[in-house]
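The values are calculated or read from the model by the stated rules, or taken from the named source; none is laboratory data. In this text the structure is predicted, and so the values were computed from the model without any measurement. A quick note on method: Cβ atoms are made from the backbone with ideal geometry, for glycine too, and the neighbour counts reach across all protein chains shown.
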Amino acid sequence: MELTIDISNMKDTVGIFIIQVGGEIFYPKIKDNVLTFNNLIQEPQRTMLAFYPVRKIKANPGKQLNEISIEVPNRLFF
């Protein structure tokens with residue numbers, strides 16, 4: 001699967017983006033306000049793009065990302 005997303009219109013891009021495919025978590029590359037992900041997916045699977053703003057990470061010290069709740073606008077399922 002190849003995924004390219006322009007994030008230049010986001011108000012806040014300071015944080016961590018993740019892509020979860022099935023049970024695997026990937027950290028997409030970001031360059032020049034473009035998020036890219038290119039990985040072989042064996043079959044169609046539910047995929048989630050999520051953004052964890054740095055303010056949310058700092059508000060939950062010591063917690064892993066999967067232990068931090070994120071707002072609905074900060075995730076996309078496809």
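The table below lists the values:
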{"item": "Those residues of the range 31-47 which are surrounded by 14 or more Cβ atoms within 10 Å (Cβ to Cβ) and not polar (S, T, N, Q), in sequence order", "result": "L35, F37"}
{"item": "Residue in the range 58-67 that is at pLDDT 90 or above, loosely packed, with under 13 Cβ neighbours inside 10 Å and on the phi > 0 side of the Ramachandran plot present", "result": "yes"}
{"item": "Qualifying residue in the range 32-48 (condition: hydrophobic (A, V, I, L, M, F, W, C) and in contact with a Lys or Arg (Cβ under 7 Å, 6 or more places away or on another chain))", "result": "yes"}
